[in-house]
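Colleague: Let me give you the structure first, and then I'll get to my questions.
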Amino acid sequence: MKKINLKKIVTALAFIGIVTSLYAGGKKDKTDHSYLDDETKDADPCRVLYNHDEPEGDPIVLNEVWGYVMYGREDKFTNDMPITDLCYFSADVNSYGEITDVPKASYFRNRGYEGRIHLVVTCTGRALTHLVMEPDFGVRKTLVSSIAKMSKDYDGVQIDFETVPARDVENFRTFLTDVRKAIGKDKIFSVALAARVKKISDDIYNYEKIYPLADKIIIMAYDEHWSGSVPGSVASYDWCEKVSDYSKSVIPEEKLVMGLPFYGRTWQEGGSYGSAWVFTSISRILNENNITHVERENGVPYFSATIPVNVTGYFEDTYSLVTRARMYNEKGIDKFAFWRVGQEDISFWQWLKIYGEDDFLEETTSDSDPQSLEN
């Protein structure tokens, strides 16, 4: 193990202390991430000391690329990213069935984004989710109306309810039906579901029952390993292959959108401590502490270091992302969703292309004045 001096120990532990924990099962974090600007503003996200492999071959051609952008982290998105569907995360639900903290789609429209924008609606906690799902409480009707009202400025609405109690399984499905009807047929209705590798009895997020209710199903194929699990990739290659095979066997191709993670995670030896890492923070930790020994497990990079306890970290870089994305694409999946913009190795974006873009460029070129092109 590499021994690190006291100053570097303090620096590394500070990073470990502030990175944000994620919940198991794909639960995403809504806490403040403003510290990332201060901690990573001077870091070059492409400068890494470890001996990392570079992908080979051509970019991956996709029909749709969905990218989640966190409310308050809009500056992490740029219009040159090949994103067809921007998922604005998120509008929250309160105990009165009202939508709070609603982001404005106009933020991106006013800055020249021409793709589709989806409002992501979240509901945190089993008790609150039960309250708004149960029709007898009178809150659900208000919630559906609120979602329909807020959807007017968006191209679509996505429901991301990850803590639905087992007793509310039927209420959840009828709720989805009500939202679909309320927002109108001109809006794209999507639902984010936890990853599955097989059919589960009495599953709240039963793919077969839910996909007919929505236009798109986002499979959150990450958090295979979480803060309380043994160390491992948040989305190992073999596991993702099983998830994609099962998803394809149930969900129609035109509705299936496979989710990929940009984040990584660490574990402390002898405990269940686990934290989520964005790529720039991992690069900074590796660089500042001269950690150059990074191995790969089926393409996913991981490292161990003494700072001063033993810490194991698995993360995602361009190579691992391209490897996983190609595996999905070779299975005929041409729609991806990435959680989330701002966490990635930014060199990854050059490996994605939207189907038809080259055709459009060729058509535009052929219709242009040859003399103007020469000039």
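Colleague: Against the definition (modelled with pLDDT of 95 or more and open to solvent by less than 10 Å² (accessible area, probe 1.4 Å)), how does Tyr263 come out, yes or no?
Modeller: Yes: the conditions hold for Tyr263.
Colleague: A further question on this structure: For the structure I just gave you, tell me whether Ser347 is over 19 Å from Met220 (Cβ atoms), in contact with a helix residue (DSSP H, G or I) (Cβ under 6 Å, 6 or more places away or on another chain) and either among the hydroxyl-bearing types (Ser, Thr, Tyr) or free of Cβ contacts under 8 Å to residues at least 60 places away in the same chain (or both).
Modeller: Answer is yes for this residue.
Colleague: Any chance the stretch 289-312 includes a residue that's outside any strand (DSSP E or B), of a type in the set (Phe, Trp, Tyr) and within 30 Å of Ile218 (Cβ to Cβ)?
Modeller: No, the stretch 289-312 has no match at all.
Colleague: If you don't mind, another one. Can you tell me how many residues within the stretch 97-124 are farther than 19 Å from Val164 by Cβ and hydroxyl-bearing (Ser, Thr, Tyr)?
Modeller: 4
Colleague: Given the options Tyr68, Tyr50, name the one that is over 17 Å from Arg326 (Cβ atoms) and either loosely packed, with under 14 Cβ neighbours inside 10 Å or modelled with pLDDT of 95 or more (or both).
Modeller: Unique residue meeting the criteria: Tyr68.
Yes/no per residue for (1) under 30 Å from Ser304 (Cα atoms); (2) over 17 Å from the mean Cα position of the chain (by Cα):
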| residue | (1), (2) |
| --- | --- |
| Lys198 | no, yes |
| Ser201 | no, yes |
| Pro212 | no, yes |
| Glu224 | yes, no |
| Gly228 | yes, yes |
| Tyr246 | no, yes |
| Glu254 | no, yes |
| Gly264 | yes, no |
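Colleague: Go through the stretch 69-87 and report how many residues are without any contact (Cβ under 8 Å) to a residue 60 or more places away in the chain and in contact with a Leu (Cβ under 8 Å, 6 or more places away or on another chain).
Modeller: 0
Colleague: Only residues that are open to solvent by less than 60 Å² (accessible area, probe 1.4 Å) and either more than 28 Å from the chain's Cα centre (by Cα) or not hydroxyl-bearing (Ser, Thr, Tyr) (or both): list them for the stretch 287-308, please.
Modeller: Within the stretch 287-308, Asn287, Asn289, Ile291, Val294, Gly299, Val300, Pro301, Phe303, Ala305, Thr306, Ile307 meet the criteria.
Colleague: Could you tell me whether Gly342 is closer than 22 Å to Lys76 by Cα and surrounded by fewer than 23 Cβ atoms within 10 Å (Cβ to Cβ)?
Modeller: yes
Colleague: Does Ser249 count as crowded, with 16+ Cβ neighbours inside 10 Å, of a type in the set (S, T, N, Q) and at pLDDT 95 or above?
Modeller: Here the answer is no, as Ser249 does not meet what is asked.
The values are calculated or read from the model by the stated rules, or taken from the named source; none is laboratory data. This one's a predicted model, so the numbers in the text were calculated from it and none came from an experiment. Cβ sites come from the backbone with ideal geometry, for glycine too, and all protein chains shown count toward neighbours. Quick note on the areas: whole protein, heavy atoms, side chains included, nothing else; ligands and nucleic acids left out. Shrake-Rupley method; radii C 1.70, N 1.55, O 1.52, S 1.80 Å.
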